[in-house]
Amino acid sequence: MPYPASYIAYALVKKGIESGQFVTQMKLQKMVFFAHGYHLAKYNGEPLIQENFEAWRFGPVVPDIYQDFKLYGSSPIRDTDLCFAIPKDNVLYELDDKAKDAVEYTWEATKDIGALALSNWTHAEDSPWSRVYQPGTLSVPIDNKDIKDYFENLLAA
């Protein structure tokens with residue numbers, strides 16, 4: 001069952017707060033992209049999130065995550081007090097085992113990688129983002145099949 005992207009983002013933000021390894025909005029976007037790609041690859045094309053990623057200048061973005069966390073700017077997200085759009089009660093407990101697996105795997109794989117390095121990774125030649133990005137355009141969707149194929153190759157390496 002796909003989740004609102006903000007639920008997955010919130011789960012990753014909470015992991016950052018609990019561990020003292022706070023994430024920025026930019027890093028958060030890339031972490032959700034990673035979790036979604038991992039989930040697509042591992043669970044036979046089953047999407048983790050409901051929304052589509054879009055190819056923005058600094059990589060894949062879910063506009064809802066941007067809207068929900070934009071008040072933090074480029075600062076580390078140290079609390080969720082400004083996240084009014086996310087129902088915080090039981091969000092983490094509502095995730096199924098596959099979603100929890102994607103969040104855990106993503107956290108372990110990306111927690112020590114900086115936002116800029118993750119952004120550069122999403123810009124790599126032949127990445128799903130690089131195939132569709134159009135400078136100056138924000139709303140170009142990135143196809144889930146391209147994300148799935150990319151992550152199948154990435155995880156097999």
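A few comments on the model shown:
- Checking the stated criteria, residue 115 turns out to be in contact with a Ser or Thr (Cβ under 6 Å, 6 or more places away or on another chain) and crowded, with 20+ Cβ neighbours inside 10 Å.
- Cβ-Cβ distances below 8 Å connect the following pairs, each with a first residue in the range 118-133 that is small (Gly, Ala, Ser), a second residue that is outside any helix (DSSP H, G or I), and a separation of six or more residues or different chains: 119/58; 119/59; 130/123; 130/124.
- Residue match in the range 112-119 (condition: polar (S, T, N, Q), within 22 Å of residue 157 (Cα to Cα), assigned to a helix (DSSP H, G or I) and modelled with pLDDT under 95): yes
- Restricting the range 40-58 to residues that are out of contact with any strand residue (DSSP E or B) (no Cβ under 9 Å at 6 or more places or on another chain) and either assigned to a strand (DSSP E or B) or among the polar types (S, T, N, Q) (or both), the residue that is nearest to residue 5 (Cα to Cα) is 56.
The values are calculated or read from the model by the stated rules, or taken from the named source; none is laboratory data. Just so it is clear, the model here is predicted, and its values are computed rather than measured. Neighbour counts run over all protein chains shown; Cβ positions are idealised from the backbone, glycine included.
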